[in-house]
Every structure is written in C-alpha cells, then in structure tokens.
Ligand code: ADP
C-alpha cells in the first residue's frame, strides 16, 4: 500500500502537466511542482483555486465564463484558446477540471493544466514562415510576369516597327541617290521624302496602338470603308510584293462595305496577313497573293489567299498562340496580336489551308447597321 502510494506521489510530482487537487469548496489541498512553477507563490494550501487561476478567452473567442466552468458537476475541459494569467504573463493553456474519484468522491476536484504557449508559438512561427514563403513566391511570380510582359511587348514592338523602319531606310536612301543625280528629278525626290514621312507616321501610330493593346483599352471604332482599307494595304505592300516577285491582287467589294472598326487596327491586321502571305508565296509556282473583300449576310468578309505551301501541321493548331513561328527570325506575335485586335472590334480572324493549296486567312467583321430614312 505504502509503496503504491509512494509511486503515485512520485508520478504526481514528476508529470509535466500542472496538477492541483482541491476539496469540495475548491480550496487547494495539493499541487505538484509544475503547478507551482506555473502559478507561482499565490498557489498556497487552503487558497480558493478560483481566485488563483484567472482564465481569459483569447481575442477571437467568446468571453470565458468562470461560474459555468467551476460549477459543472461532471469533468469539464477548458474551452479551446483560453489563456491563464500567471506571474510570468498570460499563457495559453489546455486543461480540465474533474471530480476526484475513489472513496469520498465528490469531496474534491483535480485541475489539470498544460501550458501550450510555446507550442502555439512554434505553430505560429511555422505558419508565419509558410506565409513568408508564399509571399516571396508571389513576388517572384509577379516579377517574372512583369518581365515576360515586357519581353512580349518589346518583341511585339520590334515586329510591328520593322516594316516601316525598313521602308524609311529604303525611301531615304532612294532620296539621297536622287539628290546626288546632277539632272535630278524634283518630283521623284519629293515622292521619296513623302513616303518616308508616311512610314514614320505609321511607325508612330503603331507605337500608340501597341500601347493601347497592352493597356487593353477599348478600340476607337468608327464607320470604316473596307474597300478603302484594302486600297491602302495594297499601296503599302506593292513594293514588298514586287521585290519578292509575287503578284498582289486586290478585289474590292462591288458594293460599299462599311464596318464599325478602328481603321489603323484593321489596316495593321491586313498588312500582317498580306506580308505573311507574300513571304509564303515567294518562290512558289505562279507566286501570287489575292485579297478579296465581300459581303456575306450581316458580315464583311476579307480573305487573304496565297500560292505558298500552306500552314505546316504543327503550327496549324497554334497559329494564334503567341511565339508560334516557323521562321528563323520570326517572333510569332503577328497573328496573335491580329486576332486580339479583330476580336476587340467584335470580329474574328481564322486561318486554314485552302483545298486547292496555299493558306487562306479570313477576317470577319459585323457590318455597320444601316440607318435608312424613316418610312
Ligand atoms: P511570324 O511571322 O513572326 O512567324 P506570325 O504570328 O505572323 O509570326 O505567324 C506565325 C506562323 O504562322 C508563321 O511562322 C508561319 O509558320 C505561319 N504562317 C502565317 N501565315 C502563313 C501563310 N500565309 N502561309 C504559311 N504559313 C503561315
């Protein structure tokens, strides 16, 4: 009996949890060293334990109700998230109050408290570390996204500006040559300089529009004559087509085709398509590119056909995905930018192989609503 009692006492003293035994009126009868170290000098024999242990709910919990806790007839656990006011400061604790079992049951209580403050601190630290890593990761991601947007934008700019810059250089060189001619033809010099100015304006408008595209600002739509756009594109591409030995044929619609569109965007899209078509048709038998505009139901339809090899298999599925290219110096941005522009105007752009060979790209745009005189 005595040995067993000694063992029980030894265990009572050795456990890490604070154990306090009281009588039926909650007066302290026994406390182990863990309890004394947690509650300090206030924990003296005969003190009312309810006065010594001040529990508080943490901020995110409902207030702690001492009378409900101490007044329960059965064993009751402390609510989760309770702190204990101790001489060393508030500690987060877990615990339970249970009636003492055995002979004379109901004559006393045992309060078990476990200080979980440090554990909570570790969990909080681990969470904070996790959060910090997520934050770092998000920042890296944002940085990479910014970089790739920047890369994409500058690549797009290079693509769009290359054509007018090349034209400026060749018209400028032509003007210089003409100026060096002793019997110079003023009218030809003037034409070359005018062409230089036109191309420089084009380059400037490309920059303005690329900026619009990046900002995803709505396009400036107004009624546009498709036939007029076709004429402009044909004039702008005539020189390039001739250099490539490709016949460029434009067939306007016999009836006026008016669409609500951004004329510069539409011209840019068609220039891209015709330039691609000329590149594809170069060197093919009967090398030619045909641009046809016509009305189809409530839409304007513009087709760009070429006599080239057609769309290569791996490219066909990804034509409008940025950076899809089969060209050594290609950027693969022209078609994706063009489709974005067309969709921004309420239209679309598609590309496929024609049954007779070669590629055909189709631009569609809803026709402007005709407002006729009232009946
Ligand atoms: P890039 O001209 O810089 O390659 P694009 O987006 O304009 O970029 O074109 C993407 C790819 O689509 C081209 O590299 C080419 O493989 C294919 N492609 C475009 N137009 C034609 C065409 N008319 N005939 C054959 N392939 C074409």
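The values are calculated or read from the model by the stated rules, or taken from the named source; none is laboratory data. Just so we're clear, the structure is a prediction, and the values are computed from it rather than from any experiment. Heads up, the Cβs are rebuilt from the backbone with ideal geometry, glycines too, and the neighbour counts pull from every protein chain shown.
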**Message:** The conditions are (1) closer than 15 Å to residue 111 by Cα; (2) out of contact with any strand residue (DSSP E or B) (no Cβ under 6 Å at 6 or more places or on another chain), and residue 89 fails exactly one of them. Which is it?
**Reply:** (1)
**Request:** Identify, by number, the condition in (1) without any contact (Cβ under 8 Å) to a residue 40 or more places away in the chain; (2) near the ligand (Cβ under 9 Å from one of its atoms) that residue 351 doesn't meet.
**Result:** (1)
**Asked** For the stretch 263-281, does any single residue satisfy the condition of being at negative phi and assigned to a loop (DSSP other than H, G, I, E, B)?
**Response** no
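So that you can scan it fast, the table gives a plain yes or no per residue for (1) in a helix (DSSP H, G or I); (2) near the ligand (Cβ under 8 Å from one of its atoms); (3) at positive phi:
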{"position": "323", "(1), (2), (3)": "no, no, yes"}
{"position": "328", "(1), (2), (3)": "no, no, no"}
{"position": "332", "(1), (2), (3)": "no, yes, yes"}
{"position": "335", "(1), (2), (3)": "yes, yes, no"}
{"position": "340", "(1), (2), (3)": "yes, no, no"}
**Message:** Suppose we filter the stretch 305-319 for residues that are more than 8 Å from the ligand (Cβ to nearest atom) and in contact with a helix residue (DSSP H, G or I) (Cβ under 8 Å, 6 or more places away or on another chain); how many remain?
**Reply:** 2
**Request:** Could you list all residues from the stretch 191-206 that are surrounded by 18 or more Cβ atoms within 10 Å (Cβ to Cβ) and under 20 Å from residue 176 (Cα atoms)?
**Result:** 192, 195, 196, 199
**Item:** Subset of the stretch 63-77 [at pLDDT below 90, surrounded by 12 or more Cβ atoms within 10 Å (Cβ to Cβ), touching a strand residue (DSSP E or B) at 6+ places or on another chain (Cβ under 7 Å) and over 16 Å from residue 22 (Cα atoms)]
**Value:** 64, 66
**Prompt:** From 181, 185, 115, which residue is modelled with pLDDT of 70 or more, over 30 Å from residue 324 (Cα atoms) and crowded, with 16+ Cβ neighbours inside 10 Å?
**Reply:** 115
**Message:** When you scan the stretch 129-152, do you find a residue that is modelled with pLDDT under 75 and in contact with a helix residue (DSSP H, G or I) (Cβ under 6 Å, 6 or more places away or on another chain), even just one?
**Reply:** no
**Request:** State whether the residues of the stretch 284-298 include one that is part of a strand (DSSP E or B), near the ligand (Cβ under 6 Å from one of its atoms), at pLDDT 95 or above and in contact with a strand residue (DSSP E or B) (Cβ under 6 Å, 6 or more places away or on another chain).
**Result:** no
**Message:** Quick check on this structure: which one of 224, 274, 229, 233 is at pLDDT 90 or above and farther than 18 Å from residue 304 by Cα?
**Reply:** 224
**Prompt:** Looking at this structure, is residue 364 within 11 Å of the ligand (Cβ to nearest atom) and surrounded by 15 or more Cβ atoms within 10 Å (Cβ to Cβ)?
**Reply:** no
**Prompt:** In the list 203, 217, which residue meets the criterion of being more than 16 Å from the ligand (Cβ to nearest atom), part of a loop (DSSP other than H, G, I, E, B), modelled with pLDDT under 95 and closer than 21 Å to residue 333 by Cβ?
**Reply:** 217
